[in-house]
Amino acid sequence: MKLSGNNIIMAKRIVTKIGDVFCAEIEGQCKRFFQYFAIDSTQLNSSVIRVFKQHYPMDYIPDISEIIAGEVEFYAHTVLRMGIADGIWYKVGKSLELGDYRDVFFRIDGDIDRVERSVKWYVWKINEPFIYVGKLPAKYYDAENGYVICYEDLIARLKTGKYTYFFPAY
């Protein structure tokens, strides 16, 4: 609730639920879709999404069963509420088919200072403890970036395939 002069303005409550499917329109060129499928207690209780690889035309009317059957391009932690509140993405439907993510690993570096190549890596699966691995073993090279990603960086990855911020090499 906000006060404005003598008027009270009620803020709209944003509610998201596991299974919600969202659309991000990319510079008027295409639509990209993702699904909210987990809350990761290991990483700040953040929302975890799976982003689908397919780029759809702007006039595409979402078919949720078609979207969620698509190939997953990447997984990410984010704050869904901020993207909704700022009009970056919007809900288009819901499906309780969440895919199999039991083998999805995330990684973060433990370096306090910015380093080009880290030797202080942590890996984990959703809702499981961090595992310190030091120099990143090859089997984790494909682990997803585990930081909580702001919507600007998620949109950048949807456009270009890469995040815009620095992330050390292994």
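In table form, for the structure just shown:
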| item | result |
| --- | --- |
| Candidates P62, P137, P129: whichever shows maximal mean-square fluctuation once the chain is modelled as a Gaussian network with Cα springs under 10 Å | P137 |
| Farthest toward positive dipole pole in the chain [+1 Lys/Arg, -1 Asp/Glu at C-beta], among V15, A138, Q54 | V15 |
| Listed residue pairs exceeding 32 Å between alpha carbons, taken from K135/K162; K91/K139; K17/K120; K120/K162; K91/K120 | K91/K139; K17/K120; K91/K120 |
| Per residue, in Å², the accessible surface of the chain once ligands and nucleic acids are set aside, probe 1.4 Å | 59 Å² |
| Residue-averaged 222 nm ellipticity for the chain, from DSSP H runs of 4+ at -39500 (n - 2.57), nearest 500 | -3000 deg cm²/dmol |
| Sparsely packed trypsin sites (Lys or Arg not before Pro) within region 77-170, loop by DSSP, other Cβ within 10 Å at most 15 | R102, R114, K135, K162 |
| 16 Å Cα-Cα reach of K159 towards aspartates and glutamates, excluding residues that sit fewer than 8 places from it in its own chain | E25, E27, E73 |
| With every protein chain in place, the chain: carbon and sulfur % of accessible area (1.4 Å) | 51 percent |
| Cα-based helix-to-principal-axis angle, 151-160 vs the chain, degrees rounded to 10 | 80 degrees |
| Area projected by the alpha carbon convex hull of the chain, averaged over all directions, nm² | 12.2 nm² |
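The values are calculated or read from the model by the stated rules, or taken from the named source; none is laboratory data. This structure is a prediction, so every number in the text was calculated from the model and none was measured. Positions of Cβ are backbone-derived with ideal geometry, glycine not excepted, and every protein chain shown enters the neighbour counts. Each accessible area value is taken on the protein alone, full model and side chains, heavy atoms only, with ligands, DNA and RNA left out. Shrake-Rupley method; radii C 1.70, N 1.55, O 1.52, S 1.80 Å.
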